[in-house]
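Report on one structure; see the data block that follows.
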């Protein structure tokens, strides 16, 4: 049975492409979220918080990003993100992590070039399987034009080679096999926006696009996993446990 691609459901399209781009509602919660992110970007931080380098030219908010402002979780409930996940992924996921990342990107350089978050190398599985799904929002400053932030190889999450050796990897999470897949893939991009966010399967090939200047940029990154994965891998970590409890309580209050 043939089906027109234009008639696919959100679930079918996400399964095929590996990502979707949606919009947050234009509310006070979104404004508070963006104000907080720009405050962090400019290092006008609340007491007790700091930016700590993780990758070259990037810094993450510490100690726990979700504790900085309640809008970071409120935005998920206000925009029915649990329902979006259920309808597009076909299962209920739970929130594992929130990151706020600030970067001073240099021309022609990416702190995170093409890679997958989960892959097989020698006899090891690296990352979560099934893959985590992430939601990322790059807010656009009013004085700046929107810019491409993330590139995604459409459908590459469905093309996974399981017998890869260390010597076959070009970079962590990116192998010779992936390089060949990338050559024939259709590339999509997500750009900074007033209200658009990206949700994607982290098993797909993706790439952080470097900025065109040394100006800082900020983004918020949410990571969702299956409940059994959280219980096994993350539940004994205090920050993850407190965040997950806050998310599940907020979800229960909204939907029960």
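The values are calculated or read from the model by the stated rules, or taken from the named source; none is laboratory data. Remember, predicted model here, so these are calculated numbers, not experimental data. Glycine also receives a Cβ, built like all others from the backbone with ideal geometry; neighbour counts cover every protein chain displayed.
Kindly check whether there is at least one residue in the range 107-127 that is free of Cβ contacts under 8 Å to residues at least 60 places away in the same chain, on the phi < 0 side of the Ramachandran plot, touching a strand residue (DSSP E or B) at 6+ places or on another chain (Cβ under 6 Å) and assigned to a loop (DSSP other than H, G, I, E, B).
No, that holds for no residue.
Just to verify a result, which residue in the range 137-186, among those that are touching a residue at least 60 places away in the same chain (Cβ under 8 Å), assigned to a strand (DSSP E or B) and buried (at least 20 other Cβ atoms within 10 Å of the Cβ), is nearest to the chain's Cα centre (by Cα)?
Residue satisfying both the conditions and the ranking: 137.
Closer than 27 Å to residue 210 by Cβ and over 17 Å from the mean Cα position of the chain (by Cα): is that true of residue 69 in this structure?
For residue 69, the condition - closer than 27 Å to residue 210 by Cβ and over 17 Å from the mean Cα position of the chain (by Cα) - is not met.
Going by the conditions given, is residue 213 modelled with pLDDT under 95, under 28 Å from residue 34 (Cα atoms) and part of a strand (DSSP E or B)?
No: the conditions fail for residue 213.
Within the bounds of the range 74-82, is there any residue that is assigned to a loop (DSSP other than H, G, I, E, B), within 17 Å of residue 248 (Cα to Cα) and either in contact with a helix residue (DSSP H, G or I) (Cβ under 8 Å, 6 or more places away or on another chain) or at pLDDT below 95 (or both)?
no
Residue check, residue 20 against (1) surrounded by fewer than 20 Cβ atoms within 10 Å (Cβ to Cβ); (2) over 27 Å from residue 131 (Cα atoms); (3) in contact with a strand residue (DSSP E or B) (Cβ under 9 Å, 6 or more places away or on another chain); (4) touching a residue at least 60 places away in the same chain (Cβ under 8 Å), all met but one. Which one?
In the conditions (1) surrounded by fewer than 20 Cβ atoms within 10 Å (Cβ to Cβ); (2) over 27 Å from residue 131 (Cα atoms); (3) in contact with a strand residue (DSSP E or B) (Cβ under 9 Å, 6 or more places away or on another chain); (4) touching a residue at least 60 places away in the same chain (Cβ under 8 Å), residue 20 misses (2) alone.
In a strand (DSSP E or B), under 17 Å from the mean Cα position of the chain (by Cα), at pLDDT below 95 and at negative phi, is that true of residue 223? Spell out how you get there, then give the answer.
Working: in a strand (DSSP E or B): yes; under 17 Å from the mean Cα position of the chain (by Cα): yes; at pLDDT below 95: no; at negative phi: yes.
Against the criterion (in a strand (DSSP E or B), under 17 Å from the mean Cα position of the chain (by Cα), at pLDDT below 95 and at negative phi), residue 223 does not qualify.
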